[in-house]
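Asks: I have a structure here, written as structure tokens, and I will follow up with some questions on it.
Computed from the coordinates by the stated procedures, all read-outs in this text should not be read as laboratory data. The shown structure was predicted, so the numbers you read here are calculated from the model rather than taken from an experiment. Here Cβ is always computed from backbone atoms with ideal geometry, including for glycine, and neighbour counts include all displayed protein chains.
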Amino acid sequence: MIGIDTTVLLTHEIKEAADHEALRTHISRACQSGDVQFAICPQVLQEFVHVATDPRRFKVPLTMDQALERSRFWWESAEVVQCHPGGRAWEQAWTWMEKFRLGRKRILDTYLAATYHERGIERLATANTMDFAVFGIFEFERWAQPPHSSL
């Protein structure tokens with residue numbers, strides 16, 4: 001199972017993203033072959049809606065209705081395991097924030113990493129491997145280039 005980061009959803013859904021077509025083809029083939037199952041956390045979808053609708057980040061952002069529709073599509077997809085954070089994820093995130101002396105801009109990624117870790121996810125698809133490498137717990141699937149603007 002592969003945990004999905006927001007960067008992958010953005011690349012898949014935003015046409016101006018550098019690897020948009022390649023990623024869509026890759027995911028489509030993986031789904032058709034039945035070789036892959038994805039895990040998605042609610043916080044990924046929340047960040048996706050926030051970023052995908054931001055006209056400062058994209059020339060043609062999604063409308064709120066489009067972003068909500070696409071996030072629901074992902075959440076309800078047969079290939080997706082819904083990965084709700086539990087109480088231990090929050091504790092793990094705090095521990096990692098302290099242990100690795102991470103700053104405020106690392107809170108959301110740390111909580112995401114802790115949520116996937118709590119659910120036994122060992123592979124993560126992201127364009128920002130460095131955001132998660134510090135934890136030393138994931139293998140990475142790099143299916144997208146980092147977005148042209150920081151999340």
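Asks: For a label point 7 Å from the Cα of residue 105 along Cα→C-beta, name the residues of region 1-44 whose backbone N is under 14 Å from it.
Replies: No residues fall inside that zone.
Asks: Considering only the other residues whose Cβ falls under 13 Å of the Cβ of residue 49, what net charge follows from Lys and Arg at +1 and Asp and Glu at -1?
Replies: Numbers: positive: 57, 70, 72; negative: 13, 47, 54, 65, 69.
Summing Lys/Arg as +1 and Asp/Glu as -1 gives -2.
Asks: I would also like to ask the following. FRET efficiency for residue 33 and residue 142, Cβ-Cβ distance as r, R0 = 22 Å, nearest 0.05?
Replies: Details: r = 20 Å, r/R0 = 0.89.
So, using R0 = 22 Å, E works out to roughly 0.65.
Asks: Next up: Helix-only mean residue ellipticity at 222 nm, the chain, DSSP H runs n ≥ 4 weighted -39,500 (n - 2.57), per residue, nearest 500. What is it? Mind dumping the intermediate values first?
Replies: Details: 7 runs with 76 residues, N = 151.
Here the helix-only value at 222 nm equals -15000 deg cm²/dmol.
Asks: Another question, then. Give me the Kirkwood hydrodynamic radius of region 1-119, using the inverse of the mean 1/r over all pairs of distinct Cα atoms, in Å to one decimal. Write out the running numbers ahead of the final one.
Replies: On the way: mean 1/r = 0.0655 Å⁻¹.
Computed over Cα pairs of region 1-119, the Kirkwood hydrodynamic radius comes out at 15.3 Å.
Asks: May I ask you to derive the relative contact order of the chain, considering only C-alpha pairs under 8 Å and at least 6 residues apart, and to give it as an integer percent? Present the calculation step by step, with values, prior to reporting the outcome.
Replies: Details: 218 pairs, mean separation 48.0, N = 151.
Dividing the mean separation by the residue count of the chain yields 32 percent.
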